[in-house]
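The structure appears below as structure tokens.
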Amino acid sequence: MKILVINCGSSSLKYQLIDMEGEKVLCKGNCERIGIPGSKITHKTADGYQVERDASFANHTEAFAMLVDMMTKGDGAVISDVKEINAVGHRVAHGADMFPHSCLVDEEVIAKIDSLSEIAPLHNPAHIQGIRAAQRIFGDIPQAVVFDTSFHHSMPSKAYMFAIPYNYYKEYHIRRYGFHGTSHRYVSKKCAEIMGRPIESLKIITCHLGNGSSITAVDGGRSVDTTMGFTPTGGLMMGTRSGDLDPSLVTFIAEKTGLHGNEFLRTFNEQSGLLGVSAISSDARDIEKAASLGNENAALAQNMLCYQIKKYIGSYAAVMNGVDAIVFTGGIGENSSTVRETVCQDMDYLGVKIDLEQNKKRGDFIDLTAEGAKTKVFVIATNEELMIARDTLALCGKMSQPAEG
Ligand code: AMP
């Protein structure tokens, strides 16, 4: 069974074709600048073929047609006919409280995803464009949607409620939803497999640290708290996002600067975080380099990030009454030995001690745990696409089972 995994943005479309027999990625790529002059597609196959081609796609349907062309024709071909694709799995950013699980697409599901566009204006409309375009290109093969929010559905109300008038929750569904759920689910499951223990018996803290970052407390395989909130702006400071703030800042800054409405969103989403504090870059590599060369603001930004990660790890250990394993993933979590070392310093109260030699290594899996330390610390490369493909496969399996009764 071959599953096409799709992550649609408003002007981009990332894809992976996965053969579920052996869970092998046959090809992957990215269509960029959809509907904008200068569109291009990058396409890579498992055997090392790689091409970047200027293309003109006015919309997502044309981008799909192009990637099908890439997959079926010429040197980048990995299948001979589009009919070899059995199902499509879409990443969807916001499922709010409507989608506790991944599900197959039908008109009702599309309408529900659309109704959430108000709280996910950058993401959900683009996902719907992707689903519609896939329907046009692939006909009626099964399509599944896998939500960044679903894994956090298990949070108790004391973790997901904000301490504002209850009516806002009842009227407008304002609460913590959490994001990166597919990644937290993937790495926590992998962590349990590596430890050779049932996930139900484990307390795991998963740190997804990338351009966007979030940390989740996974108790017995269920998310019980997570740092991101109503939107992916909350929680930890990130590349350009502020993370949590004192709400009174908004009126104070408005009075001082005249900033209002969407300008705030732009400030807190695009001009804050590592970029805002360092005034250098949103990229952790640039920050690390500048800090090592003595730039004080870069050092401050890096220290703030590590401090916040440490603080959340401590609070989630408190929430779960302990921790068996801490997992680092995402671009920073998988690659920055400096961030990992700084975060894990002086954590002996939690039984955390990392092996500094191991911490220098690179790879999809690294056991950082120092000899004799009680709490495991792992680097586990995330794989959201595989998780989406697995969910899609499972949903297709259910579809083909005879109805009960
Ligand atoms: P992601 O959003 O998961 O792709 O992660 C992107 C972030 O990972 C950026 O801030 C990168 O600077 C960071 N990153 C990637 N490689 C490294 C590295 N070798 N050292 C430090 N940060 C890195």
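Go through the stretch 18-30 and report how many residues are over 16 Å from Val51 (Cα atoms) and assigned to a strand (DSSP E or B). Steps first, please.
The first filter runs over the stretch 18-30 and keeps only residues over 16 Å from Val51 (Cα atoms), leaving 18-25.
Checking which are assigned to a strand (DSSP E or B) leaves us with 18-19, 24-25.
Qualifying residue count for the region: 4.
One line per residue, one yes/no per condition, for (1) loosely packed, with under 14 Cβ neighbours inside 10 Å; (2) within 16 Å of the ligand (Cβ to nearest atom); (3) β-branched (Val, Ile, Thr):
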| residue | (1), (2), (3) |
| --- | --- |
| Asp244 | no, no, no |
| Leu259 | no, no, no |
| Leu275 | no, yes, no |
| Ser282 | no, yes, no |
| Glu288 | no, yes, no |
| Ile313 | no, no, yes |
| Tyr316 | no, no, no |
| Val339 | no, yes, yes |
| Val343 | no, yes, yes |
Filter pass, Thr375 being in contact with a strand residue (DSSP E or B) (Cβ under 7 Å, 6 or more places away or on another chain) and within 16 Å of the ligand (Cβ to nearest atom): no
Expected output for the stretch 61-89 (first residue at positive phi, partner surrounded by fewer than 16 Cβ atoms within 10 Å (Cβ to Cβ), Cβ below 9 Å, 6+ apart or cross-chain) is Gly74/Val51
Here is a check on your reading of the model: is Val327 among the hydrophobic types (A, V, I, L, M, F, W, C), part of a strand (DSSP E or B) and buried (at least 19 other Cβ atoms within 10 Å of the Cβ)? yes
Run down Tyr186, Tyr177, Tyr168 and say which single residue is part of a helix (DSSP H, G or I), modelled with pLDDT of 95 or more and either within 16 Å of the ligand (Cβ to nearest atom) or surrounded by 14 or more Cβ atoms within 10 Å (Cβ to Cβ) (or both). Tyr186
Which residue pairs have Cβ atoms under 6 Å apart, sit 6 or more places apart or on different chains, and have a first residue in the stretch 310-336 that is within 17 Å of Arg222 (Cβ to Cβ) and modelled with pLDDT under 95 and a second that is small (Gly, Ala, Ser) and more than 8 Å from the ligand (Cβ to nearest atom)? none
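Return the only residue of Thr251, Thr231, Thr226, Thr257 being touching a helix residue (DSSP H, G or I) at 6+ places or on another chain (Cβ under 8 Å), on the phi < 0 side of the Ramachandran plot and either hydroxyl-bearing (Ser, Thr, Tyr) or at pLDDT below 95 (or both).
Only one candidate qualifies: Thr226.
Residue by residue, here is whether (1) out of contact with any Pro (no Cβ under 6 Å at 6 or more places or on another chain); (2) aliphatic (A, V, I, L, M); (3) within 23 Å of Lys24 (Cβ to Cβ) holds:
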| position | (1), (2), (3) |
| --- | --- |
| Cys344 | yes, no, no |
| Asp348 | yes, no, no |
| Val352 | yes, yes, no |
| Glu357 | yes, no, no |
| Lys360 | yes, no, no |
| Thr369 | yes, no, no |
| Lys374 | yes, no, no |
| Ala381 | yes, yes, yes |
| Glu385 | yes, no, yes |
What are the residue pairs meeting all of these: first residue in the stretch 209-221, first residue among the polar types (S, T, N, Q), second residue part of a strand (DSSP E or B) and within 15 Å of the ligand (Cβ to nearest atom), Cβ atoms under 6 Å, and 6 or more apart or on different chains? Ser214/His208; Thr216/Thr206
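The values are calculated or read from the model by the stated rules, or taken from the named source; none is laboratory data. This is a predicted model, so every value here is computed, not measured. Positions of Cβ are generated from backbone atoms using ideal geometry, with glycine treated the same way; all protein chains shown enter the neighbour counts.
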